[in-house]
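Before any comments, here is the structure.
The values are calculated or read from the model by the stated rules, or taken from the named source; none is laboratory data. What you are looking at is a predicted structure, and each value in this text was computed from that prediction instead of being measured. Backbone-built Cβ (ideal geometry, glycine too); neighbour counts: all protein chains shown. SASA here: full protein model, heavy atoms, side chains in, ligands and nucleic acids out. Shrake-Rupley method; radii C 1.70, N 1.55, O 1.52, S 1.80 Å.
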Amino acid sequence: MPISLTSRHVAVIGAGAAGLVAARELRREGHKVVVFEREAQIGGTWVYDPHAEPDPLSLDQNRSIIHSSLYSSLRTNLPREVMGFRDYPFISKADKTRDPRRFPGHREVLLYLQDFAREFKIEEMVRFETEVVHVGLVEDSKKWKVRYKKKRVDNDAEFGIGFNFDDEIYDAVLVCNGHYTEPRVAEIPGISSWPGKQMHSHNYRVPEPFQDQVVILIGSSSSAVDISREISGVAKEVHVASRSVANEKYEEQHGYDNIWLHSMIESVHEDGSVVFQNGRIVQADIILHCTGYKYHFPFLTNGIVTVDDNRVGPLYKHVFPPILAPWLSFVGLPWKVVPFPMFEFQSKWIASVLSGRVALPLQEEMMKDIEAFYLSLEASNIPKRYTHNMGDHQFDYNNWLAAQCGCEGIEEWRKQMYCATSNNRRLRPDTYRDEWEDDHLILEANEDFIQKDL
Ligand code: FAD
């Protein structure tokens, strides 16, 4: 007997890749969807803004926020075949205005997301320049009151632009607000009296301001690798400090005569010196923190979901807080993943739980699962801040989500291509985007796209 599915009134916060695919999956499942987007266009991270925030460390909570952390030269760190949504592949377009490269520049990703939104008519669900400022339970009910502010241009020039605040009631809320906007800054002994400049990679756009400077760059992520190399083209010296480098280590970066790799910074001093754990001392002009970001949900203040040392919790499978499930959910929290397909799986799961097609375990069972997960992290000495770091588990996680919804899991070629790219990046950090050895997997991916008639 066919199950009758329940249609819910659902609010989605954010129209980046996660919010777009969530809106699509929710509507496919029969829900009525409104997407709230603070900016004037879709795309989130992929909307490059040449401006940076005025506070180079972005510490002021009342600052006017620039959402994207992209720099001008950024090319994807995943090949397009791996990166795209599962049923809307990111294939090169035979159009001169498009970037056909396998690891394209950031504009191409934005154009792809715009194509996706157009194809599935997602924009008609989006309310632009509308920021969600508060999400709270309506008293004595399981419904949500979503408070938002919308830009208003007053006719009276004296008052200029203002905001209208309004409330609406929803059955469910999906949080898709991204987590690469609120910088995390390294703690450095002596920093308050160090005379140099500091900035976070959130505000890095182009290398020119680093001309002839001695730069200390902290971090070892993909952005840190790209930015250190780009800056070295204009800077006098670039010293990279990284937790993943052993204490005594100090060496020149292979292929560069002005990049050095160090262990972490031990302290900085009033005379402008920076002392590393390896004993080296450098007189530096600027410290560039490529130290990642914090989860940040300023609109959620009920204390049921908290962020503790970058652990968002308690969440069942990184998605549902048991007490509020399935009426509140999060898409896109895990990192070190292939983001777009994972957003797709999480969204399918949420949509089918909301409609009643798929059941969640009992609240107590979900809590037990979370507790067991936290204990397993502790037992392996994994710090709290790595709770959502998926790494090697991401494909099992995707397949678990797929099994919940009764859909096909992650493609074998996608897994293999992801591994091949990771190895290639390790071996050829400077050229992996243009030289590779997995052409056979590209063929397989393209055959798969044709077979699925995508
Ligand atoms: P976002 O894209 O950040 O979108 C969140 C949206 O929510 C934004 O539009 C924002 O305006 C909106 N919003 C936030 N708060 C509110 C509010 N209160 N009310 C209304 N709207 C709100 N991924 C890859 O797959 N390949 C790559 O090569 C890659 N490179 C990256 C490089 C950098 C430098 C960074 C920072 C990330 C990179 N990523 C990459 C990861 C990237 O973040 C994800 O691919 C993806 O874009 C995240 O989508 P999202 O929808 O979760 O968040």
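Below are the figures for this structure:
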| item | result |
| --- | --- |
| Output for segment 267-297, where each listed residue is within 16 Å of the ligand (Cβ to nearest atom) and either of a type in the set (Ser, Thr, Tyr) or under 17 Å from the mean Cα position of the chain (by Cα) (or both) | Cys290, Thr291, Gly292, Tyr293, Lys294, Tyr295, His296, Phe297 |
| Residue in segment 17-28 that is modelled with pLDDT of 95 or more, open to solvent by 50 Å² or more (accessible area, probe 1.4 Å) and either of a type in the set (Val, Ile, Thr) or assigned to a loop (DSSP other than H, G, I, E, B) (or both) present | no |
| Unique match (being of a type in the set (S, T, N, Q), near the ligand (Cβ under 9 Å from one of its atoms) and farther than 21 Å from Glu437 by Cα) among Ser58, Ser69, Ser64 | Ser69 |
| Test: residue in segment 189-205 that is more than 16 Å from the ligand (Cβ to nearest atom) and assigned to a strand (DSSP E or B) | yes |
| Spans of strands (runs of 3 or more DSSP E) in segment 208-256 with at least 2 residues touching a residue at least 40 places away in the same chain (Cβ under 8 Å) and away from the ligand (no atom under 16 Å from the Cβ) | 214-218, 237-241 |
| Criterion: more than 8 Å from the ligand (Cβ to nearest atom) and of a type outside the set (Ser, Thr, Tyr) - qualifying residue of Ala15, Ala52 | Ala52 |
| Residue match in segment 404-412 (condition: within 23 Å of Ser222 (Cα to Cα) and free of Cβ contacts under 8 Å to residues at least 12 places away in the same chain) | no |
| Counted residues, segment 273-324 - those being polar (S, T, N, Q), more than 18 Å from Val135 (Cβ to Cβ) and not in a loop (DSSP other than H, G, I, E, B) | 2 |
| Residues (open to solvent by 50 Å² or more (accessible area, probe 1.4 Å) and either under 23 Å from Pro183 (Cα atoms) or within 16 Å of the ligand (Cβ to nearest atom) (or both)) located in segment 257-266 | Glu266 |
| Extreme residue, nearest to Leu360 (Cα to Cα), among residues of segment 377-422 that are in a loop (DSSP other than H, G, I, E, B) and in contact with a Lys or Arg (Cβ under 7 Å, 6 or more places away or on another chain) | Cys407 |
